[in-house]
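Working notes for the structure below.
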Amino acid sequence: MKKQIYKSLLFSIPIFLFISYITIVDPYEFINLVHIISADKKLKVLNRNDESGPRGNLLWKLVHYKRNPVENVLFGDSQCRAIEESQLDSLTGEDWFNFCIPGASYETIFDNFWFCAEKVKLKKVYMEVSFMNYNGFRSYNISNLGTDYMDKPYLYFARKEILFDSWINMRYAISGNQYLVINSHELAPAYEMDILANERMDLFFESYEYPDSIFAGLTEIANYCDHNNIELVFIIMPTYKALGTHLREIGLWEPYMRFKRDIASLGKLIDYDSGLTISEERQNFTDFFHPRKYLLDEITDEIWGEKPLREGVKTHGF
């Protein structure tokens with residue numbers, strides 16, 4: 001009997017150490033008992049690459065919004081992910097939450113909206129929308145990358161991704177090595193990013209079908225906001241001019257214009273992808289779809305601050 005107890009204790013020691021390690025590092029502040037690593041460092045770790053970004057942002061934002069819900073929320077995908085909540089708070093004098101998720105489909109954005117609407121009476125909703133996923137052939141949902149943990153908390157101690165993220169967090173906290181957290185796209189030369197951007201355009205627009213279900217989902221949200229006196233503003237971010245050229249070449253310019261008409265029919269719209277001079281300059285974008293941080297900050301100042309929208313930006317419903 002004693003021998004059996006001894007074996008059980010030996011077996012339980014590694015499990016105890018593993019659970020303790022995850023609890024102490026806590027890469028997503030899911031447990032929220034120990035904070036030896038700052039939130040800023042953890043955010044850098046979860047945004048380190050294209051694999052960790054979607055799942056990391058989903059879990060982080062679900063956890064933190066549930067813990068501290070606010071009434072003003074920005075929804076979207078990677079185009080607006082880097083907008084800082086502190087900048088929004090400073091510009092508006094109100095608390096904001098950035099719920100933009102890299103790799104998010106419209107289905108994922110819808111799930112995030114309804115998640116927030118269940119937690120608090122929303123006041124202002126700004127939603128970044130893009131044509132890249134406005135496609136019946138690009139219907140997918142990555143919400144489970146975050147909701148799995150919310151529904152089954154024990155998975156936080158059972159999945160290798162959390163263990164690996166904890167390990168990177170610890171390494172980064174100890175060494176401060178920036179190469180652990182710098183996305184490789186930030187270091188890639190322009191020609192490599194152009195190759196990647198062209199590959200993504202081929203992926204996004206290889207096939208196209210009008211997305212009835214996506215428009216229905218957007219309409220449901222617009223109606224909910226209207227009935228509940230929630231200010232709803234849609235934002236179309238600028239893209240590099242090569243995207244527009246590509247859409248014309250493959251016969252998708254008219255579907256792109258229909259996308260804009262669809263969005264405008266639902267309420268207020270701020271459209272930065274309207275032939276602005278900023279779209280002429282390749283250096284303003286990391287790939288063809290994402291404004292660099294300095295341009296994103298300028299756009300944020302214009303949309304949320306007192307700075308007027310730059311010449312050429314189209315609006316509807318204001």
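Every number here is computed from the coordinates shown, using simple stated rules; none is lab data. A quick note: this is a predicted structure, and the numbers were derived from the prediction, not measured. Methodologically, a virtual Cβ is constructed for each residue, glycine included, from the backbone with ideal geometry; neighbour enumeration extends over all protein chains shown.
Listed values, structure above:
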| quantity | calculated |
| --- | --- |
| Using alpha carbons only: equivalent-ellipsoid semi-axes of the stretch 62-192, gyration tensor based, whole Å | 25, 21, 19 |
| Anchor Lys307: aspartates and glutamates whose Cα lies under 13 Å away (excluding residues fewer than 8 positions away in-chain) | Asp297, Glu298 |
| Nearby lysines by direct alpha-carbon distance to Lys152 (threshold 21 angstrom, same-chain neighbours under 8 apart not counted) | Lys61, Lys66, Lys119, Lys160 |
| Unit charges on C-beta of K, R, D, E only; dipole of the stretch 232-281, Debye | 200 |
| Three-way shape call for the stretch 199-318 based on the alpha-carbon gyration tensor, with the a/c threshold at 1.5 | oblate |
| Cβ charges +1 (Lys, Arg) and -1 (Asp, Glu), total dipole of the chain, debye | 1480 |
| Pair Asp212, Glu51: separation of 7 Å Cα→Cβ label points (nm) | 3.9 |
| For the stretch 38-72 versus the stretch 215-281, the gap between their alpha-carbon centres in whole angstrom | 26 |
| Mean residue ellipticity (222 nm) of the chain, computed from DSSP H runs ≥ 4 via -39,500 (n - 2.57), nearest 500 | -16500 deg cm²/dmol |
| The chain: DSSP helices with Cα axial extent of at least 27 Å and average Kyte-Doolittle hydropathy no lower than -0.5 | 2-25 |
| Net +/- balance of residues flanking Ile303 in space, Cβ distance below 12 Å, scoring K and R +1, D and E -1 | -3 |
| Charged-residue dipole, Cβ positions (Lys, Arg, Asp, Glu), the stretch 162-259 about Cα centre, Debye nearest 20 | 320 |
| Given (i) 0.98; (ii) 1.01; (iii) 0.94, the label whose value is Rg/Rh (Cα atoms, Kirkwood Rh) derived from this model | (ii) |
| Within the chain, percent of DSSP bridges classed antiparallel, to nearest 5 | 20 |
| Most positive-pole-ward Cα, Tyr28, Ala117, Leu218, against dipole of the chain from beta carbon charges | Tyr28 |
| Proximal charge balance of His185 [Cβ under 15 Å; K/R count +1, D/E count -1] | 0 |
| Gain upon complete extension [Lys152, His316; 0.36 nm per residue less C-alpha separation] | 54.8 nm |
| Förster-model FRET efficiency, 22 Å R0, Arg261 and Arg292, C-beta, rounded to 0.05 | 0.15 |
